[in-house]
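Q: Next up is a structure, given as structure tokens.
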Amino acid sequence: MIELFEQDIRQNDRQSSKGNQSKWENTGVWYKADYTGYEGLAEYVISHLLKKSTLRENEFVLYDLEKMKYKNNIYTGVKSQSFLEEGWQLITIERLFKNYFGESLYKSIYSIAEHKNRLLFLVSQVERITGLEDFGMYLNKLFTIDAFFLNEDRHTHNIAVLMSEKGEFAYCPIFDNGAGLLADTTMDYPLEGDVYELIRQPQAKTICSDFDEQLDISEELYGVNMKFSFTEKDVWELLDGVTEYSEKEKRRVGTIVCAQIRKYRYLF
């Protein structure tokens, strides 16, 4: 357990549709507390399963479980090493677009009727502002992760790039998947609900509300850019080592991931 203090509190401009988790940073390590359910378990499971994918180690953030004491409260959540080097900052694509054009990227995207054209617009604008190449391939990786793990919080305030003091840009490691795996047990996905019914409810938020449509469009335009190599056995073994969450929570997470393995067999 780590004890955290008021000077460790961190806030940012990344907004969540689920409300904002409490976050702290201490000596280069970030901490996030659970807010609506088992976000920490989702972050932990997703990031550790991504170790068994075609993503390189520097393409995603690895989270580990942690108990946090702040004032008189004990929180369950996760910790991760900071990926920001000196002189660099995280900037969301929403703020980037707003700074450049004075308009909302989210509203601009959804003013376009055709979903495919929404993605083409999003990619072209980010590449135009940042000079980054292959942003479409980067989004395809995000959409693959979001569809598989049911991350329903990937809106324009929750996609980011890295920006240096000199105005240079770089890709940001994939992070913040805590809204996946039906982690919100407080409002939307109670533990008592039928998991197979609940799996059909989460909606995407980047270019449309359908995870599979987003993924299909991105694959049509930019190809399949990542694959997974974990098995159902790997999933249950990973969950067996978790002591911070209930058996009911772990069983639901395992059931979801195994169902998604069967659905997205082509990604393995």
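Q: Do you know which residues across the range 226-255 are touching a Gly at 6+ places or on another chain (Cβ under 9 Å) and under 30 Å from Gly136 (Cβ atoms)?
A: Val235
Q: Tell me which residues, restricted to the range 51-81, are at pLDDT 95 or above, surrounded by fewer than 20 Cβ atoms within 10 Å (Cβ to Cβ) and assigned to a loop (DSSP other than H, G, I, E, B).
A: Lys51, Lys52, Thr54, Leu55, Arg56, Leu62
Q: Output the qualifying pairs, or none if there are none: Cβ atoms under 7 angstrom, residues six or more apart or on different chains, first residue in the range 222-233 and hydrophobic (A, V, I, L, M, F, W, C), second residue in a loop (DSSP other than H, G, I, E, B) and crowded, with 18+ Cβ neighbours inside 10 Å.
A: Short answer, once both residue conditions are applied: Met226/Leu55.
To keep it simple, each residue is scored yes or no on (1) assigned by TED's automatic domain parsing to the domain that holds Asn158; (2) of a type in the set (Lys, Arg); (3) crowded, with 20+ Cβ neighbours inside 10 Å.
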position	(1), (2), (3)
Leu198	yes, no, no
Gln203	yes, no, no
Asp210	yes, no, no
Leu215	yes, no, yes
Asn225	yes, no, no
Glu232	yes, no, no
Ser246	yes, no, no
Lys263	yes, yes, no
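Q: So, one more: Pairs only if they're at least six apart or on different chains, beta carbon under 6 angstrom, first in the range 157-178 and within 17 Å of Phe97 (Cβ to Cβ) and assigned by TED's automatic domain parsing to the domain that holds Glu133, second in a strand (DSSP E or B) and not aliphatic (A, V, I, L, M); list them, first residue then second.
A: Note: pairs meeting the criteria are His157/Thr92; Ala160/Thr92; Val161/Phe169; Leu162/Trp88; Met163/Gln89; Met163/Phe169.
Q: Residue check: is Tyr106 within 21 Å of the chain's Cα centre (by Cα) and assigned to a helix (DSSP H, G or I)?
A: So Tyr106 passes the test.
Q: Out of Thr243, Thr255, Thr186, Thr144, report the one residue that is among the polar types (S, T, N, Q), in a helix (DSSP H, G or I) and over 18 Å from the mean Cα position of the chain (by Cα).
A: Step by step, each of Thr243, Thr255, Thr186, Thr144 is checked, and only Thr255 is among the polar types (S, T, N, Q), in a helix (DSSP H, G or I) and over 18 Å from the mean Cα position of the chain (by Cα).
The values are calculated or read from the model by the stated rules, or taken from the named source; none is laboratory data. A quick note: this is a predicted structure, and the numbers were derived from the prediction, not measured. Reconstructed Cβ throughout: ideal geometry from the backbone, glycine too, with neighbour counts over all protein chains shown.
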